[in-house]
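As structure tokens, the structure follows; a few thoughts come after it.
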Amino acid sequence: MTQSSVILTLLGPDRPGLVRILAELVAAHSGTWRESRMARLAGQFAGIVQVGIAAGEIDGLAAALDGLQDQGLKVTLHSGAAEPPWALHAILLLEVVGHDRPGIVRDFTQALWNCGVNIEELTTDVLSGSFSGEPMFRAEARLRAPSYEAAAAIRAALEPLGNELMVDIKPAD
């Protein structure tokens with residue numbers, strides 16, 4: 001039987017057992033848990049999950065997920081899509097570290113966009129600098145670039161953002 005791909009987005013106050021509850025509902029509707037990204041941010045649990053499921057089970061899963069609102073968890077179901085034509089391009093891993101300042105995410109994502117790069121995953125945080133104690137911004141990203149040679153263009157595009165910005169770009173393994 002052919003499976004459809006659905007994407008679940010979830011948000012609610014964090015507490016033990018949220019992933020277990022979601023996994024039970026997916027399994028109860030014969031779904032397969034394919035990929036997920038989840039995190040706790042400011043006391044909230046946020047996540048995105050790709051589920052493989054038979055088309056005939058989608059409505060039942062959607063109804064079951066609606067029932068989670070009573071437990072404070074909002075889950076939205078979206079239809080998955082086929083991979084876009086640019087999905088076959090090179091995968092690069094990017095790490096950026098620099099002094100935190102307003103607009104830093106806007107600036108480095110604009111530079112990536114100018115290079116024709118798609119951000120597939122992005123994780124950011126602000127840490128205390130090891131020597132100065134000043135806030136240091138750190139980003140790790142998984143990029144889909146036109147080619148592996150795009151790494152040089154990305155590095156050049158990020159250079160004007162500041163001398164203190166350290167950039168590491170490498171092909172994904």
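What follows is calculated from the coordinates using simple rules that are stated; it is not laboratory data. Predicted, not measured: the structure shown is a model, and the values here were computed from it. With ideal geometry, Cβ positions are generated from the backbone for all residues, glycine too; neighbour counts draw on all protein chains shown.
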#### Entry: Size of electric dipole in the chain: Cβ of Lys, Arg +1 and of Asp, Glu -1, about Cα centre, debye, nearest 20
120
### Task
Report the full-extension gain for the segment Thr109 to Glu140: residue separation times 0.36 nm, less the Cα-Cα distance, to one decimal in nm.
10.0 nm
### Query
Using modelled backbone amide H atoms (1.01 Å from N, in-plane), which distant-in-sequence or interchain residues come within less than 5 Å of Asp14's amide H?
Gln44, Phe45
#### Entry: Over region 20-173, relative contact order from alpha-carbon pairs under 8 Å, at least 6 apart, %
23
### Message
Show me, for region 123-129, the HN-Hα J-couplings you get by feeding each phi into the Karplus relation (A = 6.51, B = -1.76, C = 1.60, θ = phi - 60°), rounded to Hz, glycine and proline as x.
### Response
10, 10, 7, 10, 10, 7, x
### Query
What shape does region 3-79 take by its C-alpha gyration tensor, where a ≥ b ≥ c are the square roots of the eigenvalues and a/c under 1.5 counts as rounded, a/b above b/c as prolate, and the rest as oblate?
prolate
### Label-reachable residues, region 139-170, where backbone N falls under 19 Å from a point 7 Å from Ala46's Cα toward its Cβ
139-143
### Query
Could you state the number of Å between the C-alpha centres of region 26-67 and region 118-134?
29
### In range of the label at Ser128: residues from region 40-64 whose backbone nitrogen is under 20 Å from the point 7 Å along Cα→Cβ
42
### Query
Quick one: if you stick a label point 7 Å off each Cα along the C-beta vector at Glu149 and Ala28, how many nm between them?
5.5
### Summary
Per the helix-only model, the chain has a calculated mean residue ellipticity at 222 nm (DSSP H runs of ≥4, -39500 (n - 2.57) each, divided over all residues, rounded to the nearest 500) of -7000 deg cm²/dmol
### Task
Please list the non-local residues whose amide H lies under 5 Å from the amide H of Ser36, H modeled 1.01 Å from N, same-chain partners needing a gap of 5 or more.
Gln50
### Summary
Among [x] 25, 24, 16; [y] 36, 22, 11; [z] 41, 22, 13, the entry matching semi-axes √(5λ) of the Cα gyration tensor in Å as calculated here is [y]
